[in-house]
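What follows is a structure written as structure tokens; I'll ask about it next.
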Amino acid sequence: MTNQKVLQVEKLPDGSIRRSICERPLSPLQDGFVRVRVAYSALNFKDALAATGNPGVAKHLPLVPGIDAVGEIVEGESRFSTGQSVMVAHPDFGTAVDGGFARFVDVPDTWLYQVPEGLSNLDAVTLGTAGFTAAQCVEGLVKAGISPDSGDIVVTGATGGVGIFAVMYLKQLGFSVVASTGKLIREAELKRLGAARVVHRDEIIDESTRPLLTAKWGGAVDTVGGKTLSSIIRSTKPHCVVTACGLVGGHELNLTVYPFILRGVSLIGIDSALVSAADRTALWNKMSKEWRLGDVESLANVIEIEGLENAIETILQGQVFGRYVIKLS
Ligand SMILES: NC(=O)c1ccc[n+]([C@@H]2O[C@H](COP(=O)([O-])OP(=O)(O)OC[C@H]3O[C@@H](n4cnc5c(N)ncnc54)[C@H](OP(=O)(O)O)[C@@H]3O)[C@@H](O)[C@H]2O)c1
């Protein structure tokens, strides 16, 4: 039996949470599982929460976080061939069972998806859950009838993983994007990636209790929640659409029904985990072909597993730009 290096989160007898890089034995592969040698994982906000032992994300401890993993099959019966590039996606991966911050992961074959042709392993993991969620949000707007003629689309948390890809997808589809960020220092980069305008996140928030605000958004991709989402919904133009996927700014949502019944605003909830295999494959194929982004790898800040501690702190402080990618093999 050999060992492998992992990032592990555990609860100590005094109730405190410890995370550490440690060596764990690689057990023999169980029946019904496939072993994947992980080439890369990526760090999402959800992984950073899991790394703190947040019980809403880390369903049991000890846990190896990491909801994204891309690599190759090395052992076990699979519908994919040995050596083929695959990605892992399942709601339990990195939350209820050990995830991708490890050199090897053992998962059921049904959790595996082919890395679509046209994407390298590094492209696929850099996009990962963040890129997939951004694509879901943008597809949600488009399917609901929002077009470039609808007006400006605001993207909140624009320098984060989901936000940055939402800016890029929207720009590619011809939308005028307003990027909302706490890091105006990143204005030039956000404009290079597709934002027509960059505003400070405080400008988006209206603390009043007015049920309706001046209507200015043709649509929104909101990763922040809380007062930000409430302000956006109250500022959305008649019959336009808001997609909500995140809660970095809070999970509450104080609103009246007026934006919905007087302006016909629609709110679409986005969940990237509970997606059918067919829908997941179809969207990844779109992301690799007609929606293919040109500049994905440049957003990857590639680190070793030892760099995770700093990266987790950076994400928790809201200071990330783009994506941390962890090189494991
Ligand atoms: N529903 C789903 O399936 C799904 C999937 C993926 C992610 N998510 C959620 O989407 C959110 C973003 O995920 P991510 O992986 O993109 O996170 P991330 O890479 O950590 O980016 C989050 C960004 O939000 C902004 N931010 C941070 N703290 C904030 C605060 N207190 N108030 C307002 N803005 C703040 C920052 O951007 P700026 O400085 O540019 O404002 C930060 O870069 C998270 O809540 C995550 O859980 C949900």
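The values are calculated or read from the model by the stated rules, or taken from the named source; none is laboratory data. These figures come from a predicted structure and were not determined experimentally. With ideal geometry, Cβ positions are generated from the backbone for all residues, glycine too; neighbour counts draw on all protein chains shown.
Among residues belonging to the stretch 56-85 that are touching a Lys or Arg at 6+ places or on another chain (Cβ under 9 Å) and part of a loop (DSSP other than H, G, I, E, B), point out the one that is nearest to Tyr40 (Cα to Cα). First the steps, then the outcome.
Going residue by residue through the stretch 56-85, those that are touching a Lys or Arg at 6+ places or on another chain (Cβ under 9 Å) are 57, 61-62, 64-65, 67, 71-76.
Going one step further and asking which of them are part of a loop (DSSP other than H, G, I, E, B), we end up with 57, 61-62, 64-65, 67, 76.
Details: Val57: 21, Leu61: 23, Pro62: 22, Val64: 15, Pro65: 13, Ile67: 11, Gly76: 20 Å.
Here the residue is Ile67.
Identify the single condition in (1) more than 12 Å from the ligand (Cβ to nearest atom); (2) crowded, with 19+ Cβ neighbours inside 10 Å; (3) under 25 Å from Gly174 (Cβ atoms) that Ile326 does not satisfy, given that it satisfies every other one.
Answer for Ile326: the failing condition is (3).
Would you check if there is a residue in the stretch 304-320 being of a type in the set (A, V, I, L, M, F, W, C), assigned to a strand (DSSP E or B) and over 17 Å from Lys5 (Cβ atoms)? Outline the logic, then answer.
Within the stretch 304-320, the first condition is being of a type in the set (A, V, I, L, M, F, W, C), and the residues that meet it are 305, 308, 311-312, 315-316, 320.
Narrowing further to those that are assigned to a strand (DSSP E or B): none.
No, the stretch 304-320 has no match at all.
Go through the stretch 128-186 residue by residue and tally those that are in a loop (DSSP other than H, G, I, E, B) and of a type in the set (Val, Ile, Thr).
Restricting attention to the stretch 128-186, the residues satisfying the condition of being in a loop (DSSP other than H, G, I, E, B) are 144-147, 151-152, 157-160, 173-176, 182-183.
When the remaining residues are screened for being of a type in the set (Val, Ile, Thr), the result is 146, 159.
Matching residues across the stretch 128-186 total 2.
Could you list, in sequence order, the residues of the stretch 107-146 that are among the hydroxyl-bearing types (Ser, Thr, Tyr) and touching a Leu at 6+ places or on another chain (Cβ under 9 Å)?
The answer is Thr126, and nothing else.
Condition first: among the hydrophobic types (A, V, I, L, M, F, W, C) and more than 16 Å from Gly264 (Cβ to Cβ). Now tell me which residues in the stretch 134-153 satisfy that. Step through it out loud before you land on a result.
Residues of the stretch 134-153 among the hydrophobic types (A, V, I, L, M, F, W, C): 134-135, 137-138, 141-142, 144, 146, 153.
Within the stretch 134-153, Ala134, Ala135, Cys137, Val138, Val142, Ile153 qualify.
Separate question: Suppose we filter the stretch 86-124 for residues that are in a loop (DSSP other than H, G, I, E, B), over 16 Å from Asn44 (Cβ atoms) and of a type in the set (Ser, Thr, Tyr); how many remain?
1
Out of the residues in the stretch 184-203 that are farther than 20 Å from Ala244 by Cβ and of a type outside the set (A, V, I, L, M, F, W, C), which is nearest to the ligand (Cβ to nearest atom)?
Looking at the filtered set, the residue picked out is Arg186.
Same structure again: Which count do you get for residues in the stretch 284-300 that are surrounded by fewer than 17 Cβ atoms within 10 Å (Cβ to Cβ), modelled with pLDDT of 95 or more and of a type outside the set (D, E, K, R)? Lay out the reasoning, then the answer.
From the stretch 284-300, those surrounded by fewer than 17 Cβ atoms within 10 Å (Cβ to Cβ) are 285-286, 289-290, 292, 294-295, 297-298; that's our starting set.
Subsequent filtering for residues that are modelled with pLDDT of 95 or more retains 285-286, 289-290, 292.
Narrowing further to those that are of a type outside the set (D, E, K, R): 285.
Number satisfying all stated conditions: 1.
So, one more: Evaluate the following for Ile270: is it in contact (Cβ under 8 Å) with a residue 40 or more places away in the chain, in contact with a helix residue (DSSP H, G or I) (Cβ under 9 Å, 6 or more places away or on another chain) and closer than 25 Å to Gly182 by Cβ?
Working: in contact (Cβ under 8 Å) with a residue 40 or more places away in the chain: yes; in contact with a helix residue (DSSP H, G or I) (Cβ under 9 Å, 6 or more places away or on another chain): yes; closer than 25 Å to Gly182 by Cβ: yes.
So Ile270 passes the test.
Looking only at the stretch 108-129, which residues are in contact with a Gly (Cβ under 9 Å, 6 or more places away or on another chain) and under 23 Å from Glu77 (Cα atoms)?
Answer for the stretch 108-129, where residues must be in contact with a Gly (Cβ under 9 Å, 6 or more places away or on another chain) and under 23 Å from Glu77 (Cα atoms): Pro108, Asp109, Asn121.
Let me ask something else about it. Looking at (1) over 30 Å from Ala195 (Cα atoms); (2) surrounded by fewer than 24 Cβ atoms within 10 Å (Cβ to Cβ), which one does Gly145 not meet, given that it meets all the others?
The number of the failed condition is (1).
May I ask you to say which residue of Gly161, Gly151 is within 13 Å of the ligand (Cβ to nearest atom) and buried (at least 17 other Cβ atoms within 10 Å of the Cβ)?
Selected residue: Gly161, the only one of Gly161, Gly151 that is within 13 Å of the ligand (Cβ to nearest atom) and buried (at least 17 other Cβ atoms within 10 Å of the Cβ).
Any idea how many residues of the stretch 277-308 are in contact (Cβ under 8 Å) with a residue 60 or more places away in the chain, within 20 Å of Leu190 (Cβ to Cβ) and among the small types (Gly, Ala, Ser)?
So the count comes out to 1.
So how many residues does the stretch 17-55 have that are free of Cβ contacts under 8 Å to residues at least 12 places away in the same chain and assigned to a strand (DSSP E or B)?
1
Filter the stretch 20-38 down to residues that are in contact with a helix residue (DSSP H, G or I) (Cβ under 8 Å, 6 or more places away or on another chain) and crowded, with 22+ Cβ neighbours inside 10 Å, then give me how many there are.
Number of matching residues: 1.
Starting from residues that are in a loop (DSSP other than H, G, I, E, B) and among the small types (Gly, Ala, Ser), keep the ones in the stretch 224-252 and report whichever is farthest from the ligand (Cβ to nearest atom). Write out each step before concluding.
In the first step, residues of the stretch 224-252 are kept if they are in a loop (DSSP other than H, G, I, E, B); the result is 224, 235, 245-249, 251-252.
From what is left, the residues that are among the small types (Gly, Ala, Ser) are 235, 246, 249.
Details: Ser235: 16, Gly246: 3, Gly249: 3 Å.
Only one residue tops the list, namely Ser235.
Could you figure out which of (1) polar (S, T, N, Q); (2) in contact with a strand residue (DSSP E or B) (Cβ under 7 Å, 6 or more places away or on another chain); (3) more than 11 Å from the ligand (Cβ to nearest atom) isn't true of Thr181?
With respect to (1) polar (S, T, N, Q); (2) in contact with a strand residue (DSSP E or B) (Cβ under 7 Å, 6 or more places away or on another chain); (3) more than 11 Å from the ligand (Cβ to nearest atom), Thr181 is out only on (3).
Here is a follow-up. If a residue must be within 16 Å of the ligand (Cβ to nearest atom) and buried (at least 16 other Cβ atoms within 10 Å of the Cβ), how many such residues does the stretch 54-75 contain? Write out each step before concluding.
Step one: list which residues in the stretch 54-75 are within 16 Å of the ligand (Cβ to nearest atom), which gives 54-59, 65-69.
Checking the rest, the ones that are also buried (at least 16 other Cβ atoms within 10 Å of the Cβ) come to 57-58, 65-69.
Looking only at that region, the number is 7.
Among the residues of the stretch 85-106, is any within 16 Å of the ligand (Cβ to nearest atom) and of a type in the set (S, T, N, Q)?
Taking the stretch 85-106 first, the residues within 16 Å of the ligand (Cβ to nearest atom) are 87-96, 99-101.
Those left that are additionally of a type in the set (S, T, N, Q): 95.
Checked against the condition, which is being within 16 Å of the ligand (Cβ to nearest atom) and of a type in the set (S, T, N, Q), the stretch 85-106 yields at least one hit.
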